[in-house]
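What follows is calculated from the coordinates using simple rules that are stated; it is not laboratory data. Fair warning: this is a prediction, and the values are worked out from it, not measured in the lab. Cβ coordinates were reconstructed from backbone atoms using ideal geometry, including for glycine residues, and neighbour counts include every protein chain displayed.
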Amino acid sequence: MTESTAAVRVAAAGAGTDTACIDLWAAAVAARDGRPEDPAVRARAAEKFAAERVALVVAPGDDEHRVRGFALVAAPGTGGGTGPADAAYLSLLAVHPSAQGSGLGRALLVAAVDAARDAGHDHCMLHALEDNATAVRLYRSAGFRPVGEPFPHALSGRPTRTFVV
């Protein structure tokens, strides 16, 4: 089954939605890394949700407190790293493990970039772990290109690269 962009919506900022997204992020990172949830991952995600926001794109779940996926786009300058100074920062993108491979990640990514453009940002940047081949493939296929040199991830120390579209 392939998701369409109709499966996502730009959600208004709200504490309930933010909390559900942070929960999903912590669970997705734990699943990706094959480890228990790390409180530092949850705290860092909460900091990102507190930053100046351009858009929050959400794929609603089965009830109002859960989400199947989301993309958080923050204001330029909030992500650091190499890239255009005016680029919106796609700081978090997560898809529930049960929805991975369905096209939902692509739909969220496209909707997030569109929301950034609608907000007046010609460029969007993100950071991706170099060893996360699935994510890197998604970003490259959506037109994102690597810029600058790899740098250590703030929490894990794993090589991370900036991508820009």
Checklist outcome for this item: Among the DSSP H helices of the chain, those whose Cα atoms extend at least 18 Å along the helix axis and whose mean Kyte-Doolittle hydropathy is 0.5 or higher are 15-33, 104-118
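Give me the dipole magnitude in Debye, nearest 20, for the chain about the Cα centre, with unit charges on the beta carbon: positive for Lys and Arg, negative for Asp and Glu.
Working: 16 positive and 18 negative charges, 70 e Å.
Result for the chain is approximately 340 debye, rounded to the nearest 20.
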Item to check | Long-range HN-HN contacts of R68 with modeled amide H, under 5 Å | outcome: A59, G61
Checklist outcome for this item: Between (1) 49, 32, 28; (2) 44, 39, 29; (3) 41, 37, 32, the structure-derived Cα extents along the principal axes in Å is (3)
